[in-house]
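The values are calculated or read from the model by the stated rules, or taken from the named source; none is laboratory data. Everything quoted here is computed from the prediction, not taken from an experiment. In this analysis, Cβ positions are derived from the backbone assuming ideal geometry, glycine residues included, and neighbour counts consider all displayed protein chains. Side chains included, ligands, DNA and RNA excluded: accessible areas come from the protein's heavy atoms. Shrake-Rupley method; radii C 1.70, N 1.55, O 1.52, S 1.80 Å.
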Amino acid sequence: MTSIPSSLPLRNDLIGEEPYGAPQLDVPVCLNVNENPYPLDDEVADTIARRVREVAQNLNRYPDREHIKLRQAFCDYLAYESGTRLGVEQLWGANGSNEIMLQIFQAFGGPGRTALGCDPTYSMYPEYARDTFTSWKVIHRKGDFTIDLDKTIEGITSIGPSIVLLTSPNNPTGTNLPLSDVKTLLGICERTQVAGAQEGTHPVVVIDEAYVEFRNPGTPSAVSLIPEHHNLAVSRTMSKAFAFAGARVGYLAADAGIIDCLRIVRMPYHLSAITQAAALAAFEHTDLQLKRVAKLRETREETAAWLRSQQYHGSNLQVADSESNFLLFGKFDDRMLVFNKLLSRGILIRVVGPDHWLRVCMGTEREMSTFRTAFAEVLATIDKQQ
């Protein structure tokens, strides 16, 4: 809760708002914010320490505000991970993909502009819109959490948004967005006029791929479409697959023109020399950093099967198909009851997304074993109370 005196001139539209953020509680098992549960290997940590020590002597000077070496590392990684070779001018880094998204809204949103998404989706999107005075509109997803392509197209053509923002895999559902749908929406946006903008202005399509490394093998990335579509931007992060949440490194792949738009609104020297050094060190060990992705994918599938075998009020639980490192599961008459009973047993998951659903991210084998034991106890306790 906040304690803001009424005498402060807080913006009228922010009065009564609460800061965004999942609960940060000191409990034995935290499975609520989609972190990679495995710490960095000593080899990676040693390289980070070495690189930070190298730049420490020059911390009296501002860092490279264009972070060219890091942008080249992003290029090399995408060529390795997604099979698409882009140029340095087509990559841009920031303090987590959150800052990337805020820069997108700063550059392409604003008064009189609209951003369009498909809900349920990441709960920060409407806050980016609020903070940049951008209107936020949503098209509801289907019952299986895939996007309703026809209604999304209808929304684009009728609203004329400046930003079409979609996630793949989607947060909080884990749903993959087929590349065929991305292509269709790109084509629609390339023919759609942005409302209130000069003639010939078309929407930017942003695909948030924060969890893309956890997708099923063989699933292509939207990055592969960038060479053919100047209105496509793909956001990514090192927080999840690279176990780098504390380092705050996100990046955007897009046409050079989109990158230059973000360069206009970025804060001076927005990436510290230490952040750049740490990220470059992580990329020195890409294979080592990603070695646990397959394990977490396997954990996801095992956990999904187990959850589907559990019964609530005599029926098997529903679990959304996921290509991420988390699972959305339900449905519960009172999800807060389930959440609190787990919390009392030292397990923190997330109350997010549609009513009656909960989300759990994948942890270590020990953490998932503890979660399963506690959750089974919770279900048994609820059944006894009926």
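Checking each residue in the stretch 82-108 for being more than 16 Å from Val206 (Cβ to Cβ), part of a helix (DSSP H, G or I) and open to solvent by less than 30 Å² (accessible area, probe 1.4 Å) picks out only Ser82.
Applying the criterion of at least 2 residues that are in contact with a helix residue (DSSP H, G or I) (Cβ under 6 Å, 6 or more places away or on another chain) and either at negative phi or at pLDDT 95 or above (or both) to the helices (runs of 4 or more DSSP H) found wholly in the stretch 109-216 leaves 149-159, 179-190.
Just to check your reading of the model, which residue among Asp119, Asp144 is open to solvent by 30 Å² or more (accessible area, probe 1.4 Å) and free of Cβ contacts under 8 Å to residues at least 24 places away in the same chain?
The match here is Asp119.
Could you go through the stretch 347-362 and let me know if any residue there is loosely packed, with under 14 Cβ neighbours inside 10 Å, out of contact with any His (no Cβ under 6 Å at 6 or more places or on another chain) and either over 30 Å from Leu40 (Cβ atoms) or not aromatic (Phe, Trp, Tyr) (or both).
Yes: one or more hits.
Suppose we filter Ala245, Ala253, Ala195 for residues that are open to solvent by 10 Å² or more (accessible area, probe 1.4 Å) and under 28 Å from Arg51 (Cα atoms); which single one remains?
The conditions single out Ala245.
No other residue among Ala380, Ala305, Ala320 is more than 28 Å from Pro220 (Cα to Cα) and of a type in the set (A, V, I, L, M) apart from Ala380.
For residues in the stretch 183-192 being in contact (Cβ under 8 Å) with a residue 24 or more places away in the chain and out of contact with any strand residue (DSSP E or B) (no Cβ under 8 Å at 6 or more places or on another chain), which is most open to solvent (accessible area, probe 1.4 Å)? Top of the filtered list is Lys183. When both residues are 6+ apart or on different chains and their Cβ atoms are under 6 Å apart, which pairs have a first residue that lies in the stretch 58-76 and is open to solvent by 70 Å² or more (accessible area, probe 1.4 Å), and a second that is in a loop (DSSP other than H, G, I, E, B)? Sorted first by the residue in the stretch 58-76, then by its partner, the pairs are Tyr62/Tyr269; Arg65/Tyr269.
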